[in-house]
Amino acid sequence: MVYISQQLLNMLQLGSIYAVIALGYTMVYGVLSLINFAHGDLFMIGAFLCFIATAKLHLPFVVVLVVAAIGTAAIGMAVERLAYRPLRDAPKVSAIITALGVGVFIENFTLALSPYPRHVPEMLPNVSWNLGGLTVSSIQGVIVVLSVLLMVGLDFIVRKTRYGMAMRALAWDIKTLPLMGVSVNAIIALTFAIGAGFGGAAGTMYAMAFPVIDPYMGIMIGWKAFIAAVVGGIGSIRGAMLGGYILGAVETFAAVALPSTYRDFIAFTLLLILLIFRPNGILGVPKTLKV
Amino acid sequence: MANVLLSIKNLSVSYGNIKALRGISFDIIEGQITALIGANGAGKSSLLRAVSGMVKFDGEINYRGRNIKGMAAHKIVSMGITHVPEGRGIFGSLTVRENLTLAAWLRRNDPEGVKRDYEHVIELFPRLGERVGQLSATLSGGEQQMLAIGRALMSKGDLILLDEPSMGLSPVLADEIFGIIDEISKAGVTILLVEQNAFMALQLSHHGCVMENGELTLEGAAAELLDDPRVRQAYLGV
């Protein structure tokens with residue numbers, strides 16, 4: 001029983017990280033119908049910014065988190081401005097290839113600056129509490145609570161604020177939005193900033209839980225979070241959260257039941273099967289074609 | 001003294017090799033309704049798109065004496081030009097209330113005025129009032145047209161460009177919409193009205209322009225155009 005609860009806790013921690021990354025994919029896709037394949041690498045940038053802020057600048061945790069999120073948001077906006085905006089009216093496949101290219105660029109740029117894996121020092125005292133046999137660490141607590149706060153915050157922004165309203169309007173009809181006096185470029189920049197900022201925050205959370213980071217760490221985790229977003233229903237914010245936690249659960253329990261080398265194999269197989277039955281994801285709706 | 005609000009000089013618009021507008025010139029007088037009539041493909045919508053910054057153009061468009069060439073569409077809105085596009089351009093994933101609020105995007109410093117205009121729109125279109133919390137994709141065509149015009153009022157432009165407000169509406173509903181356009185005009189707003197329904201448009205308007213194949217073929221007082229044999233034959237079917 002305690003063992004199962006312990007695994008549930010692991011699942012929550014991993015799922016939270018996936019969910020926060022998946023939100024970045026779903027934000028950009030939901031607004032622009034663009035799959036930002038460089039998002040996993042922005043997550044990696046977040047982890048490296050976290051490393052610099054912690055190991056080199058010795059900043060306190062909250063400041064580290066803010067620096068990583070805002071720094072990654074700035075890089076996300078720069079990527080949009082320099083790589084995606086010039087292709088906004090180009091065929092979708094060009095934008096996807098560009099996104100892949102941006103990802104490879106970011107990986108190798110980081111590799112050039114920092115060719116070896118880095119160890120991120122402890123940001124918070126790692127305390128464990130024993131709750132009736134169940135061990136909860138402060139890191140797990142911070143990750144789960146922080147991700148819930150981020151998700152609730154994002155849901156609020158998109159549903160209740162004027163900028164969220166403009167994002168939803170942009171997703172519906174990008175050509176009409178300027179006629180309302182709204183700058184489309186500003187709203188897209190904001191969308192990328194939020195999406196990348198979430199990637200940066202996730203990078204920090206990841207570095208807390210798994211402190212060895214390297215320039216290629218964003219590839220596999222990025223793919224997984226992307227799949228989480230698709231399983232939940234890409235474009236749907238609540239779907240991304242759900243997909244993240246499902247993936248966290250599948251991975252954790254696959255590793256419990258079977259040799260840990262089977263983990264990714266089992267996880268991806270289950271997700272592929274799920275997509276056969278729900279091709280639009282769990283909370284996704286078929287996108288009606290607009291002309 | 002008639003005041004020119006918008007002056008169009010030698011306006012041309014091309015889509016690739018296709019010329020949609022070929023050197024059009026005319027003025028819009030402040031406070032008037034100007035009707036722009038013509039067959040499908042005459043270039044009426046292209047003209048509106050040029051004025052609101054949605055397409056690039058050659059020539060000159062001066063609004064209050066200022067050339068708006070090259071300005072971004074959202075900047076043109078801030079100058080006071082509101083465009084109700086063809087097909088209404090409703091944001092279906094937003095509620096009726098959100099559509100109206102979004103149209104007042106630039107009026108952040110005027111929350112009281114926005115509130116007043118919102119109430120005015122609801123008063124003008126009680127059917128929207130019953131549906132403020134509803135997703136606007138669920139509205140009927142007529143209700144969507146009301147919402148589109150309501151949005152234009154929320155933007156509070158001095159010049160409203162209306163693209164076929166009667167399209168797809170029943171005659172009764174079209175009458176209702178034209179009545180409201182008349183009301184908006186009487187409140188001092190200048191209107192450029194693009195219409196297929198030439199008879200109704202000219203009856204409502206002060207001034208009229210007839211377009212054919214991207215060119216302006218006839219221009220004059222609306223009442224005179226209604227009597228012009230060429231207009232009567234081509235567009236009024238009498």
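We did not get these values from a lab; they are worked out from the coordinates using the rules stated. These numbers were taken from a predicted model, which means no experiment stands behind them. Here the Cβ is made from the backbone with ideal geometry for all residues, glycine too, and neighbour counts use every protein chain on show.
Average partner chain C-beta neighbours within 10 Å, per residue of A:171-177? Can you show the working numbers first?
On the way: counts 2, 8, 7, 0, 5, 12, 6.
Taking all residues of A:171-177 together, the mean is 6.
Round to a whole angstrom and tell me the spacing of the C-alpha centers of segment A:215-291 and segment B:98-164.
40
Under 12 Å Cα-Cα from B:K69, which aspartates and glutamates qualify once same-chain neighbours fewer than 8 residues away are excluded?
Cross-link targets: B:D58, B:E60.
Which whole number gives the average count of other chain Cβ atoms within 10 Å of the Cβ atoms across peptide B:77-88?
If you average over the peptide's residues, the count of other-chain Cβ atoms is 2.
Taking only C-alpha pairs under 8 Å that are 6+ residues apart, what is the relative contact order of chain A in percent?
Working: 477 pairs, mean separation 105.0, N = 291.
Relative CO of chain A lands at 36 percent.
Take chain A, connect every pair of alpha-carbon atoms lying under 10 Å apart with a spring to form a Gaussian network, then pick out the residue of A:N126, A:N36, A:N280 with the largest mean-square fluctuation.
Greatest mean-square fluctuation among the candidates belongs to A:N126.
If each residue's Cβ is checked for other Cβ atoms within 10 Å, how do B:H206, A:H119, B:H74 rank with the fewest at the top?
In order of increasing Cβ crowding within 10 Å: A:H119, B:H206, B:H74.
Considering only A:A171, A:A22, A:A202, give the residue with the highest GNM mean-square fluctuation for chain A, with springs between Cα atoms whenever their separation is below 10 Å.
A:A171
Counting other Cβ atoms within 10 Å of each Cβ, which trypsin sites (Lys or Arg not before Pro) in segment B:101-205 have at most 12 and sit in a DSSP loop?
Working: sites: B:R107, B:R108, B:K115, B:R116, B:R127, B:R131, B:R151, B:K156, B:K186; in loops: B:R107, B:R108, B:R131, B:K156.
Sites meeting the loop and neighbour criteria: B:R108.
Report the residue, chosen from A:L57, A:L272, A:L12, that carries the largest GNM mean-square fluctuation when chain A is represented by alpha-carbon nodes joined by springs under 10 Å.
The residue that fluctuates most here is A:L57.
With 19 Å as the limit, write out which pairs from B:K9/B:K44; B:K19/B:K44; B:K9/B:K156 have Cα-Cα distances beyond it, or answer none.
Long pairs (Cα-Cα over 19 Å): B:K9/B:K156.
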